[in-house]
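A short worksheet on the structure shown next.
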Amino acid sequence: KNSTNTTLYQILCSKIGDRLGPSYSLDLHWLQAVEKKAQQQQEKLEQELNGYKTNLIKESIRVGHTDLGDFFYERGDLHQAFRSYLRTRDYCTTSKHIIAMCLNVIKVTIEMANFAHVANYIAKAEQTPDVQDTLIIAKLKCCSALA
C-alpha cells in the first residue's frame, strides 16, 4: 500500500486471495481513497501544464510533461507515461534535457517490453553532444544489454 498503482494492487490481491491472512485482502476503502487522490493529482498536473502552454514557456512545458509522465509511471499506466515523456522531446533545449527524456522513455519501454524503442532511444542518447557523465554512459550500456 505504499504505491498509487491500484491496478497492480488489485491484481496482487486477487492472486494472493486469503492465503496470507486478512491483512492481505483487498482494502476497498484504501483503494477508493487512492483513486480519488490520484484523480485530483492528475487534474492538478494537467491544469498546470495547460497554464504553461498558455504562457508558452518551453522549460515549464517540458517539466509539466515530465511530471505527468512520472505520475502515470507511478500509477502503472505505461502507455500514458510513454506519451508524456515523448511530448517532452519538442521542448528539450539542452543536451541534459534530451538525455533525461531518452532515459525516461527507455525506462518505460523496457517495462513495456518494446525493445525497438529502447534501442532507438539508446542510440539517440548516445548521439547527444556532451554525453560525458560516466553514470549515464553506464546506464545506457546496461539498457542496451537488455534490448
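A few comments on the model shown:
- Within the shell defined by Cβ-Cβ distances under 14 Å, the residues around S95 carry a net charge of +1, with Lys and Arg each +1 and Asp and Glu each -1.
- Total lysine pairs under 14 Å (Cα atoms) in segment 10-147, excluding pairs fewer than 8 apart on one chain: 6
- Solvent exposure of segment 86-137, expressed per residue, is 56 Å² of accessible area, with all protein chains present and a 1.4 angstrom probe.
- Cα gyration tensor, the chain - rounded (a/c under 1.5), prolate or oblate: oblate
- Between the amide H of I57 and any residue lying 5 or more places away or on another chain, no distance stays under 5 Å, with hydrogens modeled in the peptide plane.
- Element breakdown for the chain at a 1.4 angstrom probe: carbon and sulfur atoms account for 53% of the accessible area.
- For segment 10-74, relative contact order (Cα pairs under 8 Å, six or more residues apart, normalised by length) works out to 21 percent.
- Counting only DSSP H runs of at least 4 residues, each contributing -39500 (n - 2.57), and dividing by the residue count of the chain, the helix-based mean residue ellipticity at 222 nm comes to -24500 deg cm²/dmol.
- Shape of segment 67-147 from the C-alpha gyration tensor: oblate (a/c of 1.5 or more and a/b not above b/c, with a ≥ b ≥ c the square roots of its eigenvalues).
- For segment 1-65 and segment 117-134, distance of Cα centres in Å: 30
- Hz values of 3J(HN,Hα) by residue in segment 105-114 - Karplus curve (6.51, -1.76, 1.60), Gly and Pro given as x: 5, 4, 4, 5, 5, 5, 5, 7, 6, 9
- Surface accessible to a 1.4 Å probe, M112 within the full protein complex, Å²: 50
- Ranked by solvent-accessible area (1.4 Å probe, protein heavy atoms only, all chains present), the residues C142, C102, C92 order from largest to smallest as C142, C92, C102.
- Anisotropy class of segment 32-73 from Cα gyration tensor, a/c 1.5 cut: oblate
The values are calculated or read from the model by the stated rules, or taken from the named source; none is laboratory data. As the structure is a prediction and not an experimental result, all values here were calculated from the model. Counting neighbours? That spans all protein chains shown, and the Cβs are built from the backbone with ideal geometry, glycine included. The accessibility values were calculated without ligands, DNA or RNA, using every heavy atom of the protein model including side chains. Shrake-Rupley method; radii C 1.70, N 1.55, O 1.52, S 1.80 Å.
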